[in-house]
Amino acid sequence: MYHRAVHQRIFRGLISIFFAGSPTVFAAVDLSDEGWKPAAVRENNVAIYSRARPGSPLKEFKAVGPIDAPTYAVCAVIDDFQNYPKFMPFMTECRLIKRDGDSIIGYQRLSPKVCADRDYTLRVWKRSWPASDGLVFMSQWSPANDLGPPETKGVVRVKVCEGKWLLEPEGITRTRATYSIYTDSGGFLPSFIANHVSLTGISRLFAAVRKQVKDPRYAVRQL
């Protein structure tokens with residue numbers, strides 16, 4: 001029981017930071033819908049799936065669930081990465097490095113308390129298109145550590161972090177959110193533990209977004 005609690009606490013910190021957005025040119029990530037299998041019993045109205053990653057012991061994960069807010073409001077929460085330390089557990093630093101064409105470069109650091117700090121820099125791409133009930137938003141991300149701060153002694157540099165958010169309108173006041181992630185938290189966590197904590201923490205990620213989107217400031221539509 002002790003080890004399980006420790007693993008879950010580690011993950012809460014690690015998963016909370018993998019939020020950003022990602023690339024239009026993103027060949028490293030397979031965005032197809034093939035190979036996904038249910039990975040857990042549906043919990044907190046979130047369905048979680050996993051699939052094998054060729055050549056890796058780490059799995060990819062995808063979660064699908066509703067959020068009671070319009071897509072533009074949910075997108076505003078996800079885009080608000082500079083305020084992540086205020087509402088995401090264990091997040092200690094998030095800052096914009098630069099805007100680079102159609103993407104942004106952002107640095108993030110977290111302190112899980114029960115293991116060494118983690119940090120990384122991501123390149124984030126975002127696009128949107130119209131649907132019958134509003135706008136669809138998609139953001140994808142991939143590592144860009146070479147464009148961020150150098151590694152720091154005592155902080156584990158996360159070198160694998162690829163994923164996306166897809167926000168689709170379900171009516172004008174509800175969002176169908178799909179979150180996909182493939183990451184390696186680094187350090188000495190075995191792959192079976194890394195896969196387990198990725199699985200068990202995704203519902204917490206949805207809970208954080210669902211709670212934060214209730215803040216009225218995110219309801220202001222950006223023109």
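The values are calculated or read from the model by the stated rules, or taken from the named source; none is laboratory data. For clarity, every value in this text was computed on a predicted model and none was experimentally measured. For neighbour counting, all protein chains shown are included, and Cβ atoms are generated from backbone atoms with ideal geometry for every residue, glycine included.
Residue-by-condition table, conditions (1) buried (at least 20 other Cβ atoms within 10 Å of the Cβ); (2) among the hydrophobic types (A, V, I, L, M, F, W, C); (3) within 30 Å of residue 127 (Cβ to Cβ); (4) at pLDDT 80 or above:
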{"site": "162", "(1), (2), (3), (4)": "yes, no, yes, yes"}
{"site": "169", "(1), (2), (3), (4)": "yes, no, yes, yes"}
{"site": "188", "(1), (2), (3), (4)": "no, yes, no, no"}
{"site": "193", "(1), (2), (3), (4)": "no, yes, no, no"}
{"site": "198", "(1), (2), (3), (4)": "yes, no, yes, no"}
{"site": "210", "(1), (2), (3), (4)": "yes, no, yes, yes"}
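Considering only residues in region 66-117 that are in a strand (DSSP E or B) and small (Gly, Ala, Ser), the one that is surrounded by the fewest Cβ atoms within 10 Å (Cβ to Cβ) turns out to be 103. Of all residues in region 39-48, none satisfies the criterion of being of a type outside the set (Val, Ile, Thr) and buried (at least 21 other Cβ atoms within 10 Å of the Cβ). Criterion first (at negative phi, under 17 Å from the mean Cα position of the chain (by Cα) and among the basic types (Lys, Arg)) does residue 99 satisfy it? Here the answer is no, as residue 99 does not meet what is asked. As a summary of the residue check, residue 152 satisfies the conditions (1) free of Cβ contacts under 8 Å to residues at least 40 places away in the same chain; (2) among the β-branched types (Val, Ile, Thr); (3) part of a strand (DSSP E or B) except for the one numbered (3).
Each row is one residue, and each column tells you yes or no for (1) more than 28 Å from residue 113 (Cα to Cα); (2) modelled with pLDDT under 80; (3) of a type outside the set (Val, Ile, Thr).
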| position | (1), (2), (3) |
| --- | --- |
| 16 | no, yes, yes |
| 50 | no, no, yes |
| 60 | no, no, yes |
| 65 | yes, no, yes |
